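Notes follow the structure.
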Amino acid sequence: MVAELPEFYFRVRENGAFVFRVDTQNRQRRIEMDQIAVVNIRNGEIRPHGKRELSERDLHAIRSWMEERREILARRDIDDIFRAVDHLNLTAHWAQSRATDAQLEEVTDALLLAMHDLRTVLVRKKAERLARGD
């Protein structure tokens, strides 16, 4: 059974992707990827590669990918925050049960400042939400 390759391939980069059209319908039966665009997720920009014109089908596929990618990144952000909560709990356990005085001296100020900063932001944001009635 031969697997169908997708029509487009998105090479992810930090703030978007390079978009390639996948072609297997050539004489050598090789996979060829032709870059057709560059995408910026942050500002929604889609730039055709070179002097290429993108079809409505191309634009639809790219916009669909961008929407899906934004959703993936948003889920990852939340997952990262829950991981940070786990790390804080693990750090508390480490500090209480295994850390030496020298290790605590090395990390205490940085942890206290980071936690104070985080607490300040969270309290302010919570107050803003309560004031709006959220």
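Read-outs: derived from the displayed coordinates by stated rules, not from any lab. Computed from a predicted model, the values in this text were never measured in an experiment. When we count neighbours, we look across all protein chains shown, and the Cβ atoms used for this are built from the backbone with ideal geometry, even at glycine.
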With the convex hull built on the Cα atoms of the stretch 12-78, state its orientation-averaged projected area in nm². 5.5 nm²
Only helical DSSP H runs with n ≥ 4 go in: add -39500 (n - 2.57) per run for the chain, normalise by residue count and round the 222 nm mean residue ellipticity to 500 deg cm²/dmol. -20500 deg cm²/dmol
Kirkwood hydrodynamic radius of the chain, Cα pairs, Å: 19.6 Å
Below 14 angstrom from the Cβ of Phe82, what's the summed charge of the other residues (Lys, Arg +1; Asp, Glu -1)? -1
Can you give the net charge of the other residues whose Cβ lies under 14 Å from the Cβ of Ala17, counting K and R as +1 and D and E as -1? +3
Find out how many positive minus negative residues lie around Asp58, taking Lys and Arg as positive, Asp and Glu as negative, among other residues whose Cβ is under 14 Å from that of Asp58. 0
In degrees, nearest ten, helix 101-132 long axis to first principal axis of the chain (Cα): 70 degrees
Simple spin-label estimate for Asp117/Arg69, 7 Å along Cα→Cβ, in nm, reads 2.9 nm
Assuming 0.36 nm per residue, please report the length gained on full extension of the stretch Thr100 to Leu88 beyond their Cα-Cα distance. 2.6 nm
